[in-house]
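A.B. asks: Got a structure for you, written out below as C-alpha cells; questions coming shortly.
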Amino acid sequence: MILRLRQATPPDRVQALRERLERAGLRTVLSSEPSRPIVAVVDKVDADLARELAADDAVEEIVEPRGDWRQVHRAFRECPSTVQVGDVSVGGGAVVVIAGPCSVEGRELMLEVAQRVNDAGAHILRGGAFKPRTSPYAFQGLGVEGLRQLKDAGEAVGLPVVSEIMDAAEVDAFVDHDIDCLQIGARNMQNFTLLKAVARAGRAVLLKRGLSATIDEWLHAAEYIAAGGCERIILCERGIRTFETATRNTLDLTVLPLLREWTHLPIIVDPAHAAGIARLIPPLSRASVAAGADGIAVEVHPHPELARSDGPQALLPSELAGLVADARIQAAVTGRVFHA
Ligand code: PEP
Ligand code: MN
C-alpha cells in the first residue's frame with residue numbers, strides 16, 4: 001500500500017503515522033519526493049487498519065500496487081524520476097543516447113570509438129569488460145583491464161561510462177574504476193544477490209529486462225535495487241524471447257506507455273540486442289523515441305566484421321551520427337528535448 005499524504009502534512013505527523021504502522025508490525029519507507037510526503041507500507045495492511053488509514057485526514061490517497069513493488073511504483077513519486085549518470089540526467093523529458101562497442105577490445109580501439117561516439121553527439125559511453133557469452137569458448141571480455149580502458153576513454157572525451165557487472169565480487173572494481181553506471185544484463189535480471197550488491201555500490205544502475213521476464217518480474221527486480229538503498233535505477237527494454245527466429249529477440253515497445261503508468265523510473269530502449277541486425281536499428285530507435293523512450297542504447301564498432309562480440313548488430317560511427325540526428329527530431333516531435 002502507498003499512502004500519499006496531503007502536501008502540508010508536517011514531518012512530526014508523518015512520523016507519528018509511520019510509528020503507528022510500525023507498532024502494528026508493518027515496515028514503512030518514506031519517499032524522497034520533496035513536494036509531498038509519500039509513505040510506502042511494505043507489508044500487508046489488514047482490513048481494520050486500512051479503514052483507519054482511509055479515515056485519517058492526513059491521507060489524501062491510498063494506492064494499492066498491482067505487484068509487490070512499492071518504491072518503484074509510479075505513485076511513490078510526484079513526477080517521473082531522473083537519474084544522474086555522471087553529468088547526464090536520464091529521464092525527465094530529455095532523450096539520451098548511450099553508445100559504444102559491445103566489448104572493450106583494446107585501448108586504441110576504445111579511444112577511437114569514444115571519440116566517434118562523442119563526435120556523433122551521444123551522451124554516455126558503453127563497453128563490456130565482463131561479457132556474458134553463451135559459449136564458454138567465446139571472448140569473455142578484458143575484465144578489470146577493460147574497465148580501466150573504458151573509463152580512460154570516457155575521461156578523454158568527457159563522457160560518463162556504463163558497463164555490465166556479472167558478479168557481486170566485482171562491485172569494488174567497478175567503484176574503484178569510477179564506472180558511472182553499473183549495467184545488470186538480461187541474463188542476471190533475477191540474480192538477486194547481484195541486485196542487492198549493486199544497490200550498495202552508490203552508483204546508477206541500468207537494469208535490462210530479462211530474456212523472458214514479464215514486466216512484473218522486471219519491476220520486482222528493480223524493487224530489489226530500490227529496497228537495497230539505490231534510487232538511481234534506469235530500466236532498459238532489450239527485446240524478449242518469442243517464437244520469432246528472424247530477429248535475435250522481439251522488441252517489446254508496449255512497455256513504454258505501460259511502464260509510464262506503472263513506474264516513475266526512466267526507461268530506455270536497446271534495439272540492438274532486440275533485433276540483432278544493424279540495419280533494423282535506426283527505424284526501431286525512431287519508433288522507441290516516438291513511443292516515449294527516455295533514451296536509446298546501441299553498439300558501435302568501426303569494423304563490425306572484426307568485432308569480438310555482437311558484430312552483426314554494431315552500427316558504424318557514421319550510422320550512429322544519423323541515429324542521433326533522428327533521435328533529436330523524434331524528441332522534438334514528441335514535445336521533449338534532446339539532452340544537450
Ligand atoms: C550487452 O549490453 O552487451 C548485453 C550483453 O546485453 P543483454 O544483457 O541485453 O543481452
Ligand atoms: Mn552486446
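The values are calculated or read from the model by the stated rules, or taken from the named source; none is laboratory data. Just so it is clear, the structure is predicted and the values come from calculations on it, not from any experiment. Positions of Cβ are generated from backbone atoms using ideal geometry, with glycine treated the same way; all protein chains shown enter the neighbour counts. The accessibility values were calculated without ligands, DNA or RNA, using every heavy atom of the protein model including side chains. Shrake-Rupley method; radii C 1.70, N 1.55, O 1.52, S 1.80 Å.
A.B. asks: Once amide H atoms are built 1.01 Å from N in the peptide plane, which residues 5 or more positions from Ala129, or in another chain, come under 5 Å H to H?
C.D. replies: Counting only residues 5 or more places away or on other chains, the set is Val104, Glu164.
A.B. asks: Please give, to one decimal in nm, the separation of the simple spin-label points placed at Glu52 and Thr242, each 7 Å out from Cα toward the Cβ.
C.D. replies: Between Glu52 and Thr242, the simple spin-label model gives 4.9 nm.
A.B. asks: Which of rounded, prolate or oblate describes segment 230-340 when judged by the alpha-carbon gyration tensor and an a/c cut-off of 1.5? Could the numbers behind the result be given before it?
C.D. replies: On the way: a/c = 1.79, a/b = 1.28, b/c = 1.39.
Oblate shape, in that a/c is at least 1.5 and b/c is the bigger or equal ratio.
A.B. asks: Over segment 2-64, what is the relative contact order in percent, taking alpha-carbon pairs closer than 8 angstrom and at least six residues apart?
C.D. replies: 48
A.B. asks: What are the ³J(HN,Hα) couplings of segment 125-141, residue after residue, when phi is run through the Karplus curve with 6.51, -1.76, 1.60 and θ = phi - 60°? Round to Hz, x for glycine and proline.
C.D. replies: The phi angles translate into 9, 10, x, x, 9, 10, 9, x, 9, 4, 9, x, 8, 6, 3, 9, x Hz.
A.B. asks: Hey, how many Å between the Cα centroid of segment 1-77 and the Cα centroid of segment 230-271?
C.D. replies: Their Cα centres are 29 Å away from one another.
A.B. asks: Give me the percent relative contact order of segment 83-338, please, defined on Cα pairs under 8 angstrom at least 6 residues apart.
C.D. replies: Value for segment 83-338: 21 percent.
A.B. asks: Another one. What order do Phe139, Phe192, Phe174 take when sorted by accessible area (1.4 Å probe), most exposed first?
C.D. replies: Solvent-accessible surface, decreasing: Phe192, Phe139, Phe174.
A.B. asks: Once phi is turned into θ = phi - 60°, what whole-Hz ³J(HN,Hα) does the Karplus curve with 6.51, -1.76 and 1.60 give for every residue of segment 296-307, x standing for Gly and Pro?
C.D. replies: Coupling constants for segment 296-307: 10, 10, 9, 10, 10, 8, x, 9, x, 5, 9, 4 Hz.
A.B. asks: Here's a follow-up. So what are the ³J(HN,Hα) numbers for segment 162-174, from phi and the Karplus equation (6.51, -1.76, 1.60; θ = phi - 60°), rounded to whole Hz, Gly and Pro as x?
C.D. replies: Each residue of segment 162-174 in turn: 10, 8, 7, 10, 10, 9, 4, 5, 8, 3, 4, 5, 5 Hz.
A.B. asks: Enumerate the amide H contacts of Ala204 below 5 Å, restricted to partners 5 or more residues apart or on another chain; note that Pro and chain-start residues carry no placed amide H.
C.D. replies: Long-range HN contacts for Ala204: Leu182.
A.B. asks: Among Val104, Val14, Val300, which one shows the biggest mean-square fluctuation in a GNM of the chain, springs joining Cα atoms closer than 10 Å?
C.D. replies: Evaluated over the chain, the most mobile residue of the options is Val14.
A.B. asks: Quick one: if you stick a label point 7 Å off each Cα along the C-beta vector at Asp12 and Ser135, how many nm between them?
C.D. replies: Between Asp12 and Ser135, the label points sit 7.0 nm apart.
A.B. asks: Within segment 238-340, report the trypsin sites (Lys or Arg not before Pro) that DSSP leaves as loop and that have at most 13 other Cβ atoms within 10 Å.
C.D. replies: Here the sparse-neighbourhood loop sites are Arg241.
A.B. asks: At R0 = 30 Å, how high is the FRET efficiency between Asp172 and Ala287 if r is their beta carbon distance? Nearest 0.05 is fine.
C.D. replies: 0.15
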